[in-house]
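Visitor: Handing you this structure, nothing more for now.
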Amino acid sequence: MGGVPESHTGWTFLTNHARVLAAIADDPNVRIRDIAAHCRLTERAVQKIIGDLEQDGYLSHTREGRTNTYRIEPGKVLRHPAEAGLPVASLLSLLVEDEARRKHVDGPLDDGSPAADEAPAQPSSDSGAPRLL
């Protein structure tokens with residue numbers, strides 16, 4: 001078992017629960033060890049987060065041999081009242097899309113979208129406000 005990942009101080013935009021769920025959305029057969037490394041958490045912390053997500057109905061798993069296959073409930077709504085009615089699938093689509101962009105930094109994605117290092121926010125032609133890509 002590896003050491004504790006490098007710690008982070010200060011606040012972040014995403015919770016560890018969101019990071020773990022996004023890692024699972026990216027690979028439903030991912031190992032807890034790999035989630036921990038990707039999210040910079042301990043394996044024990046990932047186990048607890050998965051337990052939380054399963055208890056609240058966001059996630060379930062089946063065990064086949066030594067492999068867990070996770071299933072995310074995409075229609076389950078986010079917990080905070082400010083996001084009332086927003087399904088977890090909406091959040092995950094953004095996070096998984098970003099992860100795909102990071103993996104393809106050498107060029108555009110298959111859908112013609114620019115890679116993460118190619119596309120700063122640009123003003124849209126209709127409002128002058130920054131457009132998120």
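Just so you know, all these numbers are worked out from the coordinates, no wet-lab data involved. These figures come from a predicted structure and were not determined experimentally. For neighbour counting, all protein chains shown are included, and Cβ atoms are generated from backbone atoms with ideal geometry for every residue, glycine included.
Visitor: With a/c under 1.5 counting as rounded, go ahead and sort the stretch 26-67 into rounded, prolate or oblate using the C-alpha gyration tensor (a ≥ b ≥ c being the square roots of the eigenvalues; past the cut-off, prolate if a/b is larger than b/c, else oblate).
Guide: Taking the square roots of the gyration eigenvalues as a ≥ b ≥ c, the stretch 26-67 is oblate.
Visitor: Which of rounded, prolate or oblate describes the stretch 1-80 when judged by the alpha-carbon gyration tensor and an a/c cut-off of 1.5?
Guide: In terms of gyration-tensor shape, oblate.
Visitor: By average Cβ neighbour count within 10 Å, what is the ranking of 37-50, 77-90 from highest down?
Guide: Top of the packing list down: 37-50, 77-90.
Visitor: Right, here's the next one. In whole Hz, what ³J(HN,Hα) sequence does the stretch 61-68 give by Karplus (6.51, -1.76, 1.60; θ = phi - 60°), x for Gly and Pro?
Guide: Listing the rounded values in order: 9, 10, 10, 10, x, 9, 10, 8 Hz.
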